[in-house]
Amino acid sequence: MKILLRFLFMLLVIFNPNAQQTARAFTGTYGINYGRIADNIPSPDKVVKLLRAAKIKNVRIYDAEPSVLNAFKGTGLELVVGLPNGFVKEMSANADHALNWVKDNVKAFLPDTRIVGIAVGNEVLGGSDNELEVALLNAVKNVYNATKKLGISDVVQISTAHSQAVFADSFPPSYCVFKDGVAQLMKPLLEFFSKIGSPFCLNAYPFLAYTYNPDKIDINYALFQPNEGIVDNKTHLHYDNLLDAQIDAAYAALEDAGFRKMEVIVTETGWASDGDENEPAATPSNARTYNYNLRKRLAKRKGTPLRPKKMLKAYIFALFNEYQKTGQSSEKNFGLFKADGSISYDVGFSGLQDISAASSLLSLKEEDWKEVESMYQS
């Protein structure tokens, strides 16, 4: 039956020259953000070992650093590269610059490095730079058109990630809409993404919601721990964790804007293991609980209460603690791993030292086996 369906699809493409294959940037449900705002973290080749040992295939970076792209060659890891906010205005104003950037930073590394997406800017809408907000849509279009010209639009998905600052209100989830100042810029962007088959990318942090509202949110609700949950009085849906509610709030805003069928993918979520005095929930215990329970939640491969058939996909923030980040102490302590490659807490992954030791032991066993074989052959 599968062979027949595949054959029929091929016939459809052959006899419909206008059929467009949509690029997909996420396979499975679990991914990670590999930030590098620190000069003491492992080299990219060691990061590859770490990711492969953890069986994490989906990876996002915030630029297109050649040393990272080269290290990922031939690994099978799927990478979303970032066009930093500092380049958005330039790419918006000049299509040739966008073409050159895509050619030099994406096309040049394909297909050996599996670049599956380009994130144009990060948390641009809802920010304080109005010129940057206005430039986003044309930058997205120019980058996409560049992938079309270079013949890679069917394998490289174009997107941009949004913070929750784009929403007017997210509680209860069904009441969520886009802010007035954001909506007029968001709608044409969503229209374009709907046309090319891109998802709505959301950076969702129950950690931040709880930190700002500890008197209104049960920490167990934020950490996927047993709790009474909440009931949305409009949809009568029950929520037993805050992340599902945040995602369904995004779905509600999309539906209100006329994009009910658009998928929401979580491009950042995590919990800090350390913070300032005004961030008491930033502890190793809470960070472990959130990330361990989130991993279990994603492994169920199920949707949210409002979209039960749309399997939840999320990139965890982040791979490493990054001590050179600015802002509160929590910003520097979201890593599943410490800067030396050891685990920050146990969620089922191994640190670099353990991976190297296991690799050495395996090599030793292979040498012993060869010696035994030679004894029998002589």
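The values are calculated or read from the model by the stated rules, or taken from the named source; none is laboratory data. Computed from a prediction, not measured in an experiment: that's the story for all the values here. Neighbour counts are summed over all protein chains in view; Cβ atoms, including those assigned to glycine, are modelled from backbone coordinates with ideal geometry. When the accessible area is computed, the model is the full protein with side chains, heavy atoms only, and any ligands, DNA or RNA have been set aside. Shrake-Rupley method; radii C 1.70, N 1.55, O 1.52, S 1.80 Å.
Could you please let me know if PHE259 is touching a Pro at 6+ places or on another chain (Cβ under 9 Å), under 24 Å from LYS309 (Cα atoms) and surrounded by fewer than 23 Cβ atoms within 10 Å (Cβ to Cβ)? When the stated conditions are applied, PHE259 does not pass them. Exactly one residue out of THR235, THR267 is more than 20 Å from the chain's Cα centre (by Cα) and either part of a strand (DSSP E or B) or surrounded by fewer than 21 Cβ atoms within 10 Å (Cβ to Cβ) (or both), and it is THR235. Entry remark, the stretch 53-77: residues being out of contact with any helix residue (DSSP H, G or I) (no Cβ under 8 Å at 6 or more places or on another chain) and buried (at least 22 other Cβ atoms within 10 Å of the Cβ) number 2 in total. Residues of the stretch 193-219 that are under 23 Å from the mean Cα position of the chain (by Cα), part of a helix (DSSP H, G or I) and surrounded by 15 or more Cβ atoms within 10 Å (Cβ to Cβ): PHE193, SER194, ILE196, PRO206, PHE207, LEU208, ALA209, TYR210, THR211. Note on the stretch 104-149: among residues that are surrounded by fewer than 16 Cβ atoms within 10 Å (Cβ to Cβ) and among the hydrophobic types (A, V, I, L, M, F, W, C), the one that is farthest from PHE200 (Cα to Cα) is ALA108. With respect to the conditions (1) among the aromatic types (Phe, Trp, Tyr); (2) in contact (Cβ under 8 Å) with a residue 60 or more places away in the chain; (3) under 20 Å from ASN33 (Cβ atoms), TYR292 falls short on a single one, namely (2). Quick check on ALA252: is it within 20 Å of ILE316 (Cβ to Cβ) and of a type outside the set (Lys, Arg)? When the stated conditions are applied, ALA252 does not pass them. The condition (being over 17 Å from the mean Cα position of the chain (by Cα) and touching a residue at least 24 places away in the same chain (Cβ under 8 Å)) is satisfied by just one residue among LEU83, LEU150: LEU150.
When the stretch 160-192 is filtered for residues that are aromatic (Phe, Trp, Tyr) and either open to solvent by 50 Å² or more (accessible area, probe 1.4 Å) or farther than 17 Å from GLY117 by Cα (or both), the ones remaining, listed by number, are PHE167, PHE171, TYR175, PHE178.
Residue count for the stretch 306-320, restricted to those that are in contact (Cβ under 8 Å) with a residue 60 or more places away in the chain, out of contact with any helix residue (DSSP H, G or I) (no Cβ under 6 Å at 6 or more places or on another chain) and open to solvent by 20 Å² or more (accessible area, probe 1.4 Å): 2. For LYS310, state whether it is more than 16 Å from SER174 (Cβ to Cβ) and assigned to a loop (DSSP other than H, G, I, E, B). Against the criterion (more than 16 Å from SER174 (Cβ to Cβ) and assigned to a loop (DSSP other than H, G, I, E, B)), LYS310 qualifies.
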